[in-house]
1. I'm trying to understand the selection: among the residues of segment 85-104, which are over 16 Å from Glu73 (Cβ atoms) and of a type in the set (A, V, I, L, M)?
2. Here is a check on your reading of the model: is Lys106 within 19 Å of Tyr55 (Cβ to Cβ) and either of a type in the set (Lys, Arg) or open to solvent by less than 60 Å² (accessible area, probe 1.4 Å) (or both)?
3. Quick test of your reading of the structure: Val53 fulfils all but one of (1) open to solvent by 70 Å² or more (accessible area, probe 1.4 Å); (2) modelled with pLDDT of 80 or more; (3) more than 30 Å from Ile123 (Cα to Cα). Name the failing condition by number.
4. Counting only residues that are among the polar types (S, T, N, Q) and modelled with pLDDT of 90 or more, give me the helices (runs of 4 or more DSSP H) lying completely in segment 72-135 with at least 3 of them.
5. Restricting to segment 82-92, name every residue that is closer than 26 Å to Tyr55 by Cβ and either of a type in the set (D, E, K, R) or surrounded by fewer than 16 Cβ atoms within 10 Å (Cβ to Cβ) (or both).
6. Looking at (1) open to solvent by 30 Å² or more (accessible area, probe 1.4 Å); (2) touching a His at 6+ places or on another chain (Cβ under 9 Å), can you tell me which one Gly46 breaks?
7. Could you list all residues from segment 58-68 that are without any contact (Cβ under 8 Å) to a residue 12 or more places away in the chain and part of a loop (DSSP other than H, G, I, E, B)?
8. If a residue has to be under 14 Å from the mean Cα position of the chain (by Cα) and without any contact (Cβ under 8 Å) to a residue 12 or more places away in the chain to count, how many in segment 79-135 make the cut?
Amino acid sequence: TPKTFNPLEDRRRKWFGQSTKTKLREKDGRLVVKLKDKNSFSNKRGNIWLYDVGYNKSATDNIAFQHPATFPEKLALDHIVSWSNEGDLILDPFLGSGTTCYSANKLNRKSIGIELSEKYCEIAKNRLAQSVMKL
């Protein structure tokens, strides 16, 4: 089991404020109509997350777009919030433009990034330096 799980509760409730009827079959075969409580609907996000991607959509800073395959910043933020707490250590073994470390920095987490390409390391280094200046 994971050490930490903080489910995102930002899904809009479709039937919020309404009670609905549901039919349940009893063991003897009878159908019974029951009222479902309006607060029984979950607002936790499901397992399909949608994000805008592309130039000036995936990241909030232009340095990230020097990398050919920019990882969506919002996706990194959501996963870091879901699977860690403040002060935890985040590992990104494929650093790229540094989106995960950049997002971890925003959320008060420590981070380690690993990247083979010196060019991408330089992009990530500049991006992280810029984020530290903003804080």
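The values are calculated or read from the model by the stated rules, or taken from the named source; none is laboratory data. Source: prediction; values computed, not measured. Because the Cβ atoms are built from the backbone with ideal geometry, glycine has one as well, and the counts that use them run over all protein chains shown. What goes into the accessible areas is simple: the full protein's heavy atoms, side chains included, and nothing from ligands, DNA or RNA. Shrake-Rupley method; radii C 1.70, N 1.55, O 1.52, S 1.80 Å.
1. If the condition is that a residue be over 16 Å from Glu73 (Cβ atoms) and of a type in the set (A, V, I, L, M), then Leu89, Leu91 are the ones that fit.
2. no
3. Here Val53 meets the rest and fails (3).
4. Qualifying helices (runs of 4 or more DSSP H): 99-106.
5. Answer for segment 82-92, where residues must be closer than 26 Å to Tyr55 by Cβ and either of a type in the set (D, E, K, R) or surrounded by fewer than 16 Cβ atoms within 10 Å (Cβ to Cβ) (or both): just Asp92.
6. Every listed condition holds for Gly46 apart from (2).
7. Pro68
8. 1
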